[in-house]
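For reference, the structure discussed in these notes is given below.
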Amino acid sequence: MNKVYTHNKKLKDWVLKVTRLCRPDNIVWIDGTDEQKAILETEAQVSGELIQLDQKALPGCFLHRTAIDDVARTEHLTFICTRRKSEAGPNNNWMSPKVAYNKARGIFKDSMAGRIMYVIPFSMGPVGSEFSKIGVELTDSRYVALNMLIMTRVGSAVLKELDKGKDFTKCLHSKAQLDINKRLILHFPQDNTIWSVGSGYGGNVLLGKKCLSLRIASFIARRERWLAEHMLIMGIEEPNGHIEYIAAAFPSACGKTNLAMLVPPEGLRVKGYRIWTVGDDIAWMRVDSDGALWAVNPESGFFGVAPGTNSKTNPAMVETINKGAIFTNVLLKPDNTVWWEGADGGVPSEGVDWQGNHWKPGMKDAKGNPILGAHPNSRFTVPIKNCPSASFRLDQHHGVPISAIIFGGRRAHLTPLIYEAFNWQHGVFVGATMASERTAAQVGQVGEVRRDPMAMLPFCGYNMAYYFRHWLNMGKRMPKAPKIFHVNWFRTDEHGKFLWPGFTENLRVLEWVLDRCNNKVRARETEIGYVPYSQDIDLTGLDLSKEVLDRLLEVKPKEWIEELKGIRKFFQEFKKDLPKELWEEYESLKKRIKAE
Ligand code: OXD
Ligand code: MN
């Protein structure tokens, strides 16, 4: 065992208890130093966990391959283990803590024999900030240890906080046999504990991320009166040099990461606009003494999807992942660099695919389907500070003040490009009824509407009806509450063609959002909220006719009749727990669209 760094009795006792259960050969405390990181990288290459990439082209970069049935979050094996089932709500899989601990204990037993157990003390949020929470992950995976060094703040400063007796989330992970039949991702919010076993996939095993910063944190946030949200945070520098910050929640595959590091289109860049990236996935938000909502990104890295990332979709990310990145399940090129479907440059003539097999373009599997070079959910982890648009306020303890909250979804027809909620309560209704239509990329019927309130459906660590209540209450605690908006970049014409030209132009919509926040523009009051007058969206340098913009901004009350049915069905799942204010909003909308 390397030196034990802590005087925190609870931590020492817990490490001992886990050691007795999992029986690792050795224990290594992760101290956050470059020296130790270099040792781990070398060991990971020897063990085959990492492949070093061309260090000239990609300094500090490595490739990792997971097991082929361990490539994404396994929501059906993810549980919230509260004492009562009703506390987990209809939105979560539930197991009683007793049953869950017993079941998992059997899998954890002796699972680390022949392996090293790493003790990783980490902080989500700047160390010492009022926002921040400490976690300690015990894991038998070097890959996890190296990724946690990227995704979280690890090191002696965290240990100092623990020495002061600070509480921490107990995060236990073992790869065990990487057996999908013995895989469990368990959350015990009432014990501030996470147990993850049988997986090596990032979303299941980097326990500071979805497990701590969303599921456990959302539970704690309700008690402590703050918000833990699945939101990007970005700063928009206006031509006068002032920076306004927004937080935005979108279901997956709606371009959250790309928006967070948008490069302004030429027409707006020359006006003086610039984007500052604070975070691409998670926002922790508190009401500060000024009565406004302030946010930090608890993470220090990006865990991004590789396929589709290129200099057109996300030039800032392409620059970010040039160094210090760990790629997972992408294609390895003969020159020891990496590639994925939709990457820059041509398709390589050969390589080693994500499963470790020799690959050539055009190869087909036994069913005649194309064999992909990179898995569709292949990923990279990389420090945020590599990003050319990284905010200079990333480490500030108070975070950034939030002027607007934006919800979004992928809807071919229903929702206009942008609308503003009438007030906070209506905004909570807009977030609670957020939905996306299935695309061809997902299993199931194309066009089917899937509800994903606040993009938190897989991540809310308790009954979502209580979560809506918490959101309503938060509005009452904020004299300077942010305005709430809804965007839809995906409206199509009758031929299925997108009406809005694409991600790079989205800043034009955000410009209107900020103008609304600063009372600079009027808006058209419609049945669903405030919508821009078309002349208030700046189209300089963009080839988009007024007619198309009008179509993008149109509200069609008739289409909302069908939508109301879906909302009703969804709300009914929460039975008597659903706050009456949301039913009130439902009834008001019904009245406004005259759907009697
Ligand atoms: C993610 C997700 O990986 O939301 O960020 O699934
Ligand atoms: Mn996410």
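The listed residues are Gly235, Gly200, Gly208, and the only one of them that is touching a Phe, Trp or Tyr at 6+ places or on another chain (Cβ under 6 Å) and within 16 Å of ligand 1 (Cβ to nearest atom) turns out to be Gly208.
Total residues in the stretch 405-437 satisfying the condition of being assigned to a strand (DSSP E or B), surrounded by fewer than 21 Cβ atoms within 10 Å (Cβ to Cβ) and in contact with a helix residue (DSSP H, G or I) (Cβ under 8 Å, 6 or more places away or on another chain): the figure is 1. Pairs are defined by a Cβ separation below 8 Å, a sequence spacing of at least 6 or placement on different chains, a first member in the stretch 511-527 that is in contact (Cβ under 8 Å) with a residue 12 or more places away in the chain, and a second member that is of a type in the set (A, V, I, L, M) and assigned to a loop (DSSP other than H, G, I, E, B); the pairs so defined are Glu511/Ile537; Trp512/Val521; Trp512/Ile537; Asp515/Val521; Arg516/Ala523; Thr526/Val555; Glu527/Val555; Glu527/Ile593.
Selection of the stretch 184-199 for residues being part of a loop (DSSP other than H, G, I, E, B) and surrounded by fewer than 23 Cβ atoms within 10 Å (Cβ to Cβ) yields only Asn192.
Conditions tested, residue by residue: (1) away from ligand 1 (no atom under 16 Å from the Cβ); (2) out of contact with any Asp or Glu (no Cβ under 8 Å at 6 or more places or on another chain); (3) basic (Lys, Arg); (4) not in a loop (DSSP other than H, G, I, E, B).
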site: Met454; (1), (2), (3), (4): no, no, no, yes
site: Leu457; (1), (2), (3), (4): no, yes, no, no
site: Leu472; (1), (2), (3), (4): yes, no, no, yes
site: Met478; (1), (2), (3), (4): yes, yes, no, no
site: Gly496; (1), (2), (3), (4): yes, yes, no, no
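As for the stretch 523-536, it holds at least one residue that is among the hydroxyl-bearing types (Ser, Thr, Tyr) and part of a strand (DSSP E or B).
Filtering the stretch 203-225 to residues that are within 14 Å of ligand 2 (Cβ to nearest atom), of a type in the set (Gly, Ala, Ser) and closer than 25 Å to Asp288 by Cα leaves Gly208, Ser213, Ala217, Ser218. Among the residues of the stretch 287-307, those identified as in a strand (DSSP E or B) and either modelled with pLDDT under 95 or touching a helix residue (DSSP H, G or I) at 6+ places or on another chain (Cβ under 9 Å) (or both) are Val287, Leu293, Gly301, Phe302, Phe303, Gly304, Val305.
Taking the stated definitions as given, is Leu499 under 26 Å from Val270 (Cα atoms), in contact with a Ser or Thr (Cβ under 7 Å, 6 or more places away or on another chain) and touching a residue at least 12 places away in the same chain (Cβ under 8 Å)? Judged against the criteria, Leu499 is a match. Could you tell me whether any residue of the stretch 572-590 is surrounded by fewer than 17 Cβ atoms within 10 Å (Cβ to Cβ), assigned to a helix (DSSP H, G or I) and among the aromatic types (Phe, Trp, Tyr)? Yes; the residues of the stretch 572-590 include at least one that is surrounded by fewer than 17 Cβ atoms within 10 Å (Cβ to Cβ), assigned to a helix (DSSP H, G or I) and among the aromatic types (Phe, Trp, Tyr).
Checked against (1) touching a residue at least 60 places away in the same chain (Cβ under 8 Å); (2) out of contact with any Ser or Thr (no Cβ under 6 Å at 6 or more places or on another chain), Arg379 passes all but a single condition, namely (2). Answer yes if at least one residue in the stretch 102-119 is of a type in the set (Val, Ile, Thr), assigned to a strand (DSSP E or B) and in contact (Cβ under 8 Å) with a residue 24 or more places away in the chain, and no otherwise. Within the stretch 102-119, one or more residues are of a type in the set (Val, Ile, Thr), assigned to a strand (DSSP E or B) and in contact (Cβ under 8 Å) with a residue 24 or more places away in the chain. Here Lys520 clears all of (1) within 16 Å of ligand 2 (Cβ to nearest atom); (2) assigned to a loop (DSSP other than H, G, I, E, B); (3) of a type in the set (Lys, Arg) except the condition numbered (1). Taken together, Val305, Val330 contain a single residue that is within 16 Å of ligand 2 (Cβ to nearest atom), among the aliphatic types (A, V, I, L, M) and either more than 18 Å from Ala260 (Cα to Cα) or in contact (Cβ under 8 Å) with a residue 24 or more places away in the chain (or both), which is Val305. None of Ala57, Ala67, Ala72 is under 21 Å from the mean Cα position of the chain (by Cα) and among the small types (Gly, Ala, Ser) except Ala72. Scanning the stretch 457-479 for residues that are surrounded by fewer than 20 Cβ atoms within 10 Å (Cβ to Cβ), of a type in the set (A, V, I, L, M, F, W, C) and away from ligand 2 (no atom under 16 Å from the Cβ) yields a total of 2.
Restricting the stretch 498-517 to residues that are in a loop (DSSP other than H, G, I, E, B) and in contact with a Phe, Trp or Tyr (Cβ under 7 Å, 6 or more places away or on another chain) leaves a set whose member that is farthest from Met261 (Cα to Cα) is Trp500.
How about the stretch 314-358: which of its residues are assigned to a loop (DSSP other than H, G, I, E, B), buried (at least 17 other Cβ atoms within 10 Å of the Cβ) and hydrophobic (A, V, I, L, M, F, W, C)? Once the filter is applied, which keeps residues that are assigned to a loop (DSSP other than H, G, I, E, B), buried (at least 17 other Cβ atoms within 10 Å of the Cβ) and hydrophobic (A, V, I, L, M, F, W, C), the stretch 314-358 yields Ile321, Ala325, Val330, Trp340, Ala343, Trp354. Modelled with pLDDT of 95 or more, surrounded by fewer than 16 Cβ atoms within 10 Å (Cβ to Cβ) and touching a strand residue (DSSP E or B) at 6+ places or on another chain (Cβ under 6 Å): does that describe Arg568? For Arg568, the condition - modelled with pLDDT of 95 or more, surrounded by fewer than 16 Cβ atoms within 10 Å (Cβ to Cβ) and touching a strand residue (DSSP E or B) at 6+ places or on another chain (Cβ under 6 Å) - is not met. Among the residues of the stretch 245-269, those identified as in contact (Cβ under 8 Å) with a residue 40 or more places away in the chain, more than 16 Å from ligand 1 (Cβ to nearest atom) and within 15 Å of Arg508 (Cβ to Cβ) are Ile246, Leu262, Val263, Pro264, Pro265, Glu266, Gly267, Leu268.
Here Trp276 meets the list (1) more than 16 Å from ligand 2 (Cβ to nearest atom); (2) touching a Leu at 6+ places or on another chain (Cβ under 9 Å); (3) of a type outside the set (S, T, N, Q) almost entirely, failing just condition (2).
The values are calculated or read from the model by the stated rules, or taken from the named source; none is laboratory data. The shown structure was predicted, so the numbers you read here are calculated from the model rather than taken from an experiment. When we count neighbours, we look across all protein chains shown, and the Cβ atoms used for this are built from the backbone with ideal geometry, even at glycine.
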